[in-house]
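Heads up, the thing below is written out as structure tokens.
The values are calculated or read from the model by the stated rules, or taken from the named source; none is laboratory data. Worth saying up front: this structure is predicted, and the values here are computed from it rather than measured. With ideal geometry, Cβ positions are generated from the backbone for all residues, glycine too; neighbour counts draw on all protein chains shown.
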Amino acid sequence: DSIVFIVSMILIWCVNSIVGVLAFCGALFYQKIFKHKITISDCIKVLIVLFGVIVLFQGFTIFSEFIVKVLGKDITLSGRTLIWENGIKEWFKLPVLGHGYQISEAFITFDNISGYVRGAHNQILNILLHGGIVYLIGYFIIFRIVHKTTKKYKDNCSINILILGVLMNFVMWIADTYGHLVGMYLLIALLCYGNKYFVDGKEEVNEKESRN
């Protein structure tokens with residue numbers, strides 16, 4: 001299944017998904033080398049750094065050769081840099097509460113882009129446009145709660161894989177938007193309540209086996 005999944009992404013050349021999978025694999029390699037289990041707090045730090053470097057300051061231009069020749073994208077990442085610039089300008093107009101959810105997500109005025117544009121092509125910027133800083137703080141509170149819930153279980157294999165799933169999603173947030181984030185909410189639910197099955201249930205089984 002994993003091979004089919006990876007091959008299909010390569011065949012259709014879904015760059016954002018490929019980058020997400022590479023981030024997941026890179027995180028596994030990092031944990032093995034440095035003996036440090038990644039936490040939700042680490043995931044948030046990575047998201048903040050990537051958002052600042054790539055979206056706000058567009059520091060990815062130093063990799064222009066790789067972007068153009070290897071990934072087959074133009075230096076604007078298929079127009080994303082232009083979308084981000086205009087999205088930031090629109091957010092500045094209503095920074096606290098945002099513009100609210102719209103019937104169409106093409107509510108941003110893109111002066112330097114012709115045609116229909118759906119969403120901000122960056123999940124953080126999309127959140128800011130919809131609900132401003134207040135909405136974004138709500139997300140950070142949720143993930144802070146998830147961090148506190150999972151911190152003591154971070155060495156559990158199942159919990160660790162789910163946390164790396166969050167990291168993968170965060171990396172993919174940088175260059176695209178994902179609607180109502182059903183997949184992310186599912187990860188949050190499993191992380192918050194899954195320890196009952198992934199950790200507590202396993203401990204109960206081990207305890208019964210030791211008694212026998």
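Looking only at residues that are surrounded by fewer than 16 Cβ atoms within 10 Å (Cβ to Cβ) and in a helix (DSSP H, G or I) in segment 86-102, which one is modelled with the highest pLDDT?
Only one residue fits best here, namely Phe92.
Taking Phe170, is it within 16 Å of the chain's Cα centre (by Cα), modelled with pLDDT of 90 or more and loosely packed, with under 15 Cβ neighbours inside 10 Å?
When the stated conditions are applied, Phe170 does not pass them.
Taking the condition modelled with pLDDT of 90 or more, assigned to a loop (DSSP other than H, G, I, E, B) and either acidic (Asp, Glu) or under 24 Å from Phe143 (Cα atoms) (or both), does Ile48 pass?
When the stated conditions are applied, Ile48 does not pass them.
Just to be sure before I move on: is Gly201 small (Gly, Ala, Ser) and either within 28 Å of Phe29 (Cβ to Cβ) or at pLDDT 85 or above (or both) in the structure I sent? Let's see the steps before the verdict.
Numbers: small (Gly, Ala, Ser): yes; either within 28 Å of Phe29 (Cβ to Cβ) or at pLDDT 85 or above (or both): no.
No, not satisfied.
Residues of segment 158-185 being part of a helix (DSSP H, G or I), of a type outside the set (Val, Ile, Thr) and in contact (Cβ under 8 Å) with a residue 40 or more places away in the chain, which ones?
Ser158, Asn160, Leu164, Gly165, Leu167, Met168, Asn169, Phe170, Met172, Trp173
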